[in-house]
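Accompanying notes for the structure given below.
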Ligand code: PPS
């Protein structure tokens with residue numbers, strides 16, 4: 001394994017244990033500075049050596065920043081608005097490269113024969129490697145953990161990166177994980193983990209800036225969730241141009257409608273309800289919640305205390321100083 005492993009310890013580890021209420025939380029470690037489950041070690045070489053194709057289309061993001069929304073937009077654009085084929089679940093049309101790391105899926109399948117887990121999840125890398133071109137690949141990995149051929153520029157497929165302001169990302173991840181895993185600890189505890197980069201795929205700002213620095217290389221489009229909320233047709237047009245597509249005004253309107261929060265929430269191919277149901281069967285979480293939760297900007301105004309807001313804003317200012325990126 002080519003990555004350096006660092007363990008969590010002390011008060012931070014105690015806080016992780018409290019929040020996850022899971023004796024195995026010590027299994028969350030840092031791989032070259034990136035917080036991941038320990039079992040990432042088993043996948044790391046396969047990710048590093050993954051054979052990228054020039055005609056792949058990638059969506060990369062930190063979790064809960066608008067990944068699903070961006071995937072559906074990119075897939076529809078690249079497939080000339082083929083809403084018929086778009087009825088296939090997004091998780092199969094646009095699989096996540098490293099999803100197999102999130103649990104021991106073969107073991108789950110073996111001990112829960114009534115739970116169907118798609119091939120794209122059980123062995124995601126094999127599923128994607130065997131898929132015909134053009135492949136649509138999603139990853140939450142930061143730039144420094146991407147397959148070598150992407151990092152070195154040996155292969156230059158199109159990459160769309162989406163980011164969301166850190167406060168709303170933190171809130172969205174808290175609600176999502178509470179629903180999935182019956183997360184313990186308070187919201188403030190979760191914010192403390194987030195601010196200390198002790199949530200999966202963190203450090204948040206290193207993730208964002210790793211891709212931001214590549215935005216002028218020609219094969220990377222950098223999008224913001226907030227721009228999609230404020231001007232979705234404008235973002236669709238920009239993305240279509242990036243992907244070499246041109247649409248009529250009517251087509252643009254139909255895609256804008258298709259991508260509305262209400263429509264994606266009602267669409268079984270994109271709302272992830274089936275996935276959540278299956279995960280909850282395994283985790284036995286009884287918390288009620290939806291993947292397509294509220295889909296709004298500035299939720300932090302209602303959910304964060306002035307003190308937490310100030311800490312997030314300071315953290316953001318410190319990390320973005322001199323980068324040209326702002327929120
Ligand atoms: S994941 O699990 O990392 O793939 O999650 P991700 O898709 O990145 O983020 C989920 C949040 O995106 C919101 N979302 C949308 N907002 C507005 N419009 C549309 N169409 C849309 N689709 C998804 C989703 O509701 C989650 O945000 P919150 O704030 O929790 O509602």
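Computed over the chain, the per-residue total of -39500 (n - 2.57) for DSSP H runs of n ≥ 4 gives a 222 nm mean residue ellipticity of -13000 deg cm²/dmol, rounded to 500.
At q = 0.13, 0.25 Å⁻¹, what log₁₀ I(q)/I(0) does the stretch 256-302 have when each alpha carbon counts as one equal point scatterer in the Debye sum? Cα-only, vacuum Debye calculation for the stretch 256-302: -0.39, -0.93. Result for the chain in a Gaussian network model with C-alpha springs under 10 Å: among 316, 67, 216, the largest mean-square fluctuation is at 216.
Of interest is the spacing of the C-alpha centroids, which for the stretch 116-154 and the stretch 23-81 amounts to 7 Å. Overall, the ratio between the Cα radius of gyration of the stretch 35-106 and 2.2 N^0.38 Å, rounded to two decimals, is 1.27. Note on 70, 323: ascending count of other Cβ atoms within 10 Å places them as 323, 70, the fewest first. Using the Cβ-Cβ distance between residue 288 and residue 79 with R0 set to 41 Å, the FRET efficiency from 1/(1 + (r/R0)^6) comes to roughly 0.75.
The alpha carbons of the stretch 52-154 give a radius of gyration and a Dmax of 14.4, 43 Å, in that order. Each of 12, 145 has some number of other Cβ atoms within 10 Å of its Cβ, and from fewest to most they run 12, 145.
Listed by Cβ neighbour count within 10 Å, with the fewest neighbours leading, 88, 121 appear as 88, 121. With the highest mean first, a sort of the peptides 194-204, 232-242 on other beta-carbon atoms found within 10 angstrom per residue produces 194-204, 232-242.
When the chain is treated as a Gaussian network with alpha carbon springs shorter than 10 Å, the biggest mean-square fluctuation among 156, 167, 214 belongs to 214.
Size descriptor for the stretch 188-274, Kirkwood hydrodynamic radius: 15.8 Å (Cα pairs only, one decimal).
In the chain, Rg over Rh equals 0.93, where Rg is the alpha-carbon radius of gyration and Rh the Kirkwood radius from pairwise Cα distances.
Taken together, the values in this text are just the output of simple stated rules run on the coordinates, not laboratory data. Computed from a predicted structure; not experimentally measured. Quick reminder, even Gly has a Cβ in these numbers, built from the backbone with ideal geometry, and neighbours come from all protein chains shown.
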